[in-house]
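These notes concern the structure reproduced below.
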Amino acid sequence: MTESGRIILVTGGARSGKSAIAERLVARYPAPWTYIATAEARDDEMRERIAQHQRRRGDGWRCIEEPKDLCGALRNTDTGAVRMVDCLTLWLANCGGAADVPRLVATLRQQSCPVVLVTNELGLGIVPDNAMAREFRDRHGWMNQAVADIAQEVWMAVSGQPLRLKPTRENIDEIL
């Protein structure tokens, strides 16, 4: 993967500011910017969330709505400009928890243009009380690990503040 195909992952909890931080990271690159939205406006509350994101982004963004075929959307938009995917959590949920994460990782490795991906950090809360929710949380955690492993940069949003996780100043293999 070339520097131009840089993969950047931004994670954080609900309303942690991760999308706004990801937008700031995208703004390091020249416009136009492409926003790949995985959310579906199924109710009024989600429509308002989507509208808030659109208002905050403003001009300079082209939006592609793709709730399931994320790999296809990435391939079709790998045409010279940075892309932002918001978010991997909704993509996994849209695919019924059975998204093809190895295919996503392979697609990301093949990108020639930068991609900034947003995801939630679900593992910081309480253990869900049912098997289906625990399975989703586990699949989600494994997906985040797989994407973070190939990313050149990983950021975590905490109370609206960016915390850089990768690259670190320390090499954990040298420390442990």
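The values are calculated or read from the model by the stated rules, or taken from the named source; none is laboratory data. Every value quoted in this text rests on a predicted model; they were computed, and no experiment measured them. All Cβ positions, even for glycine, are placed from backbone atoms using ideal geometry, and neighbour counts span all protein chains on display.
Output the qualifying pairs, or none if there are none: Cβ atoms under 8 angstrom, residues six or more apart or on different chains, first residue in segment 50-73 and at positive phi, second residue in a strand (DSSP E or B).
Listed pairs, sorted by first residue: Gly60/Trp33.
Suppose the filter is acidic (Asp, Glu), in contact (Cβ under 8 Å) with a residue 24 or more places away in the chain and over 27 Å from Asp138 (Cα atoms); does Asp44 pass it?
Against the criterion (acidic (Asp, Glu), in contact (Cβ under 8 Å) with a residue 24 or more places away in the chain and over 27 Å from Asp138 (Cα atoms)), Asp44 does not qualify.
Only residues that are aliphatic (A, V, I, L, M) and assigned to a strand (DSSP E or B): list them for segment 71-107, please. Outline the logic, then answer.
Filtering segment 71-107 down to residues aliphatic (A, V, I, L, M) leaves 73-74, 81-82, 84-85, 88, 90, 92-93, 98-99, 101, 104-106.
Hits for segment 71-107 are Met84, Val85.
Which residues, taken from segment 86-100, are surrounded by fewer than 22 Cβ atoms within 10 Å (Cβ to Cβ), closer than 20 Å to Ile64 by Cα, in contact (Cβ under 8 Å) with a residue 40 or more places away in the chain and out of contact with any Pro (no Cβ under 8 Å at 6 or more places or on another chain)?
Those that are surrounded by fewer than 22 Cβ atoms within 10 Å (Cβ to Cβ), closer than 20 Å to Ile64 by Cα, in contact (Cβ under 8 Å) with a residue 40 or more places away in the chain and out of contact with any Pro (no Cβ under 8 Å at 6 or more places or on another chain): Thr89, Ala93, Ala99.
Where residues in segment 22-51 are touching a strand residue (DSSP E or B) at 6+ places or on another chain (Cβ under 8 Å), surrounded by 16 or more Cβ atoms within 10 Å (Cβ to Cβ) and in a loop (DSSP other than H, G, I, E, B), which of them is modelled with the highest pLDDT?
So the residue we want is Thr38.
So, in segment 1-18, of the ones that are surrounded by fewer than 23 Cβ atoms within 10 Å (Cβ to Cβ) and part of a helix (DSSP H, G or I), which residue ends up modelled with the highest pLDDT?
Of the residues in segment 1-18, the ones surrounded by fewer than 23 Cβ atoms within 10 Å (Cβ to Cβ) are 1-8, 13-17.
Checking the rest, the ones that are also part of a helix (DSSP H, G or I) come to 3-5.
Working: Glu3: 54, Ser4: 68, Gly5: 86.
Restricting to residues being surrounded by fewer than 23 Cβ atoms within 10 Å (Cβ to Cβ) and part of a helix (DSSP H, G or I), the top hit is Gly5.
When you scan segment 108-115, do you find a residue that is assigned to a strand (DSSP E or B) and surrounded by 13 or more Cβ atoms within 10 Å (Cβ to Cβ), even just one? Walk me through it before giving the result.
Our first condition is that a residue be assigned to a strand (DSSP E or B); within segment 108-115, this holds for 115.
Pick out the ones that are also surrounded by 13 or more Cβ atoms within 10 Å (Cβ to Cβ) and you get 115.
Yes, segment 108-115 contains a residue that is assigned to a strand (DSSP E or B) and surrounded by 13 or more Cβ atoms within 10 Å (Cβ to Cβ).
For a quick check of your reading of the model, give me the residue pairs whose first member lies in segment 121-147 and is loosely packed, with under 10 Cβ neighbours inside 10 Å, whose second is at pLDDT below 95 and not in a helix (DSSP H, G or I), with beta-carbon atoms closer than 8 Å and at least 6 apart or on different chains.
Matching pairs, first to second residue: Leu124/Gly13.
Considering only residues that are assigned to a strand (DSSP E or B) and touching a helix residue (DSSP H, G or I) at 6+ places or on another chain (Cβ under 6 Å), which ones fall in segment 52-70? Please lay out each step first, then the result.
Taking segment 52-70 as the starting set, the residues that turn out to be assigned to a strand (DSSP E or B) are 61-65.
Passing the criteria: only Ile64.
Would a scan of segment 75-85 turn up a residue that is in contact with a Gly (Cβ under 6 Å, 6 or more places away or on another chain) and among the basic types (Lys, Arg)?
We begin by selecting, within segment 75-85, every residue in contact with a Gly (Cβ under 6 Å, 6 or more places away or on another chain); these are none.
The answer is no, given that none of the residues of segment 75-85 is in contact with a Gly (Cβ under 6 Å, 6 or more places away or on another chain) and among the basic types (Lys, Arg).
Of everything in segment 69-117, what is among the β-branched types (Val, Ile, Thr) and farther than 14 Å from Thr34 by Cβ? Give them in sequence order. Steps first, answer last, please.
If we filter segment 69-117 for residues that are among the β-branched types (Val, Ile, Thr), which is where we start, we get 77, 79, 82, 85, 89, 101, 105, 107, 115-116.
Thr89, Val101, Val105, Thr107 - these are the residues of segment 69-117 that are among the β-branched types (Val, Ile, Thr) and farther than 14 Å from Thr34 by Cβ.
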